[in-house]
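Nothing in this text is a laboratory measurement; each read-out follows from the coordinates by a stated rule. Since the model is a prediction, treat every value here as computed from it, not as a measurement. Note that each Cβ is placed from the backbone with ideal geometry, even for glycine, and that neighbours are counted across all protein chains shown.
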Amino acid sequence: MAFKEVRVYFRDPDKETTKEIQLEIGGPFTWAMDSVMRGKFKLYSGDEVKGINIVNLHFHTPNSANRIRSKRKDWKCLSWSVGLNTYDCDVEKEFSYFKGSRTNKVKMAIDLFLECAQFSPFPQMATLIAETKSSVNDVLIENAVNKADLEWKRIVENAWKYEKIIEEAKRYT
């Protein structure tokens with residue numbers, strides 16, 4: 001296996017805030033990292049990452065982090081863990097940290113990912129750090145923002161089809 005996708009997620013008890021920032025930053029972040037990694041998957045493969053193909057960075061607001069800490073005493077930030085085909089890291093960060101233009105916000109998320117990636121023991125993450133640093137620029141990020149927006153627009157435009165299918169399925173269940 002190899003790392004094939006890097007994603008960022010935003011977690012907050014306020015679902016509307018989470019949805020807004022996920023659309024604004026999360027989608028473009030994924031498209032930007034896909035551009036960095038495309039065609040280079042062999043660089044991110046090896047025995048260390050066997051069974052892992054998705055890297056996830058989870059940004060938690062202090063409220064979200066405190067809710068997790070109250071349920072899981074062993075939970076801590078900046079600690080990488082292997083899940084079911086995923087490699088995950090949690091970070092506590094106020095969403096207000098992400099300021100400026102949308103391009104700048106995506107760039108900030110990438111920079112935070114690179115900081116967290118340094119704590120990973122996997123050599124594939126060191127390679128990903130180097131490739132990202134050498135590849136990411138404003139043009140790449142602007143293209144990622146445009147691609148994410150086009151994909152979201154396509155999803156929203158086709159949502160009625162899915163709603164119709166779901167309504168029809170409910171009649172038979």
Do you know which residues across region 128-173 are part of a helix (DSSP H, G or I), of a type in the set (Ser, Thr, Tyr) and surrounded by fewer than 16 Cβ atoms within 10 Å (Cβ to Cβ)?
134, 135, 162
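Residue under question is residue 30, and the condition is that it be within 13 Å of residue 7 (Cβ to Cβ) and polar (S, T, N, Q); does it hold? Before the answer, list the steps.
Values: within 13 Å of residue 7 (Cβ to Cβ): yes; polar (S, T, N, Q): yes.
Yes; evaluated as a whole, the condition is true for this residue.
When you go through 78, 84 one by one, which is the residue that is under 21 Å from residue 129 (Cα atoms) and more than 13 Å from the chain's Cα centre (by Cα)?
78
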Counting only residues that are surrounded by fewer than 16 Cβ atoms within 10 Å (Cβ to Cβ) and of a type in the set (A, V, I, L, M, F, W, C), which one in region 118-127 is nearest to residue 78 (Cα to Cα)?
119
